[in-house]
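Here's the structure we're looking at; comments come further down.
The values are calculated or read from the model by the stated rules, or taken from the named source; none is laboratory data. Remember, predicted model here, so these are calculated numbers, not experimental data. Cβ atoms come from the backbone with ideal geometry, glycine included; neighbour counts cover every protein chain shown. In case anyone asks, the SASA skips ligands and DNA or RNA and just uses the protein heavy atoms, side chains included. Shrake-Rupley method; radii C 1.70, N 1.55, O 1.52, S 1.80 Å.
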Amino acid sequence: MTGWAFMPTGDDLLATIEAVHAAGLDSGLWPKALAAVAATLGGSAAMFEVFDKRAACHREWYGSGVPPAAEIAYFEHYIADNPRWLFMPRQRAGDISWDYQFIDERGMNEAPFYAELLARMDLRYFLSGVLVATAEDYACISVQRGSGLGHVQQNEIGLMERLLPHVQQAFDVARRLSGASEANKSFERAFDWIADGVAFVSAAGAVVYCNEALQAIVRRNDIVRLRKGTIEFLAVDARSRFDKALDAVRRQRAGEQPVLALTDFPVRRAADAPPYLVSVRPLARAPRDGHNAVRAEAIVFIRDPLKRTGAAIPMLREIFGLTEAETSVALANDRPIGVVAGEIMSWLGWQ
């Protein structure tokens, strides 16, 4: 069936390109961008999809103009009954595709994917541009058209050729941002294995990240709390020393020599127990909060001597076969665990 040519204005195309680039920065804007793509290319619906070839499933999918129930059916028939899929393995990044390249009207009438699935969604024809085509991934953007609009014409194909490089750029930006986000998450998750409380803070003390141990210290509410997104020590003296430590870090980042007396200090707790030890150090490479782009300029360590000793007891007993009483004697006088372990190894003749 011959379709009619759609002629958007230059402003329409420019607005669509801007919407696509905005979606590359915020995936939540893809439905809006796809609605603009569909309108610009004379379609009833539009889809953006990333397909994992090896797992045979979609890794990402966004749509506009496709009812939710129809999405499920589309996924179920994506490979099994989809004549378009048989054509896809031959495609390369940058290729433009449409139905008449591999099937005619008679073939569509006989294929359940066209005659049943797409018909239920009041769709018939497509026009797509390939973003990525590797052994692992296939990504494309497509416009779907109802039978009343007919098959795409050369004008729509030309518009897709003009639009596709912008979609590829947006997709590349989205993948880079996602990769950076995952790298930051992996970096942060590593600190959850540390017994000490750890926080990344801005120059003003705003918390960009804090690990599980620090969150536990905050919940105990005996020396520190988070107030309006910043670290606040309960004791006035500790608050003053923390402010001086942050100022010392700012000056150290500006090139001055570090003054450990300002950046390391004890904080007494309410209970009759050893004080917490706080250390503030500059960050050479400042991570950012992915949500509000606050720059972290310092890392704060809050060490709980009780917790560190408590964690050491089962470790020493397991490694060296000590009794609980022997372990308590070995850890007397709050000696560092490394020193204790070295002495035990020497005594056992392991060194």
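One table, with the values for the structure above:
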| quantity | calculated |
| --- | --- |
| Where a residue in the range 99-122 is at negative phi and its partner, wherever it lies, is open to solvent by 60 Å² or more (accessible area, probe 1.4 Å) and in a helix (DSSP H, G or I), with Cβ under 6 Å and at least six apart | Ala115/Asn109 |
| Whichever residue in the range 218-256 is in contact with a Cys (Cβ under 9 Å, 6 or more places away or on another chain) and open to solvent by 30 Å² or more (accessible area, probe 1.4 Å) and, among such residues, is farthest from Asp196 (Cα to Cα) | Leu226 |
| Evaluation of Gln215 against (1) open to solvent by less than 60 Å² (accessible area, probe 1.4 Å); (2) at pLDDT 85 or above (one fails), failing number | (1) |
| Lone qualifier among Ala199, Ala190, Ala195, Ala204 - being part of a helix (DSSP H, G or I) and either modelled with pLDDT of 85 or more or surrounded by fewer than 16 Cβ atoms within 10 Å (Cβ to Cβ) (or both) | Ala190 |
| Positions within the range 106-141 being out of contact with any helix residue (DSSP H, G or I) (no Cβ under 9 Å at 6 or more places or on another chain) and either within 25 Å of Arg59 (Cα to Cα) or surrounded by 14 or more Cβ atoms within 10 Å (Cβ to Cβ) (or both), in sequence order | Pro112, Ala119, Asp122, Thr134, Ala135, Glu136, Asp137 |
| The range 105-123 - residue that is in contact with a Lys or Arg (Cβ under 8 Å, 6 or more places away or on another chain) and either part of a strand (DSSP E or B) or not aromatic (Phe, Trp, Tyr) (or both) and, of those, modelled with the highest pLDDT | Met108 |
| Residue within the range 83-104 that is of a type in the set (A, V, I, L, M, F, W, C), at pLDDT below 75 and in a loop (DSSP other than H, G, I, E, B) present | no |
| Residues located in the range 88-104, provided they are of a type in the set (Gly, Ala, Ser) and out of contact with any Lys or Arg (no Cβ under 9 Å at 6 or more places or on another chain) | Ala93, Gly94 |
| Single unsatisfied condition, Ile17 versus (1) within 29 Å of the chain's Cα centre (by Cα); (2) modelled with pLDDT under 80 | (2) |
| Close pairs from the range 258-272: first at pLDDT 65 or above and part of a strand (DSSP E or B), partner open to solvent by less than 70 Å² (accessible area, probe 1.4 Å) and aliphatic (A, V, I, L, M), Cβ under 6 Å, at least 6 apart | Phe265/Val278; Val267/Ile223; Val267/Ala238; Val267/Val278 |
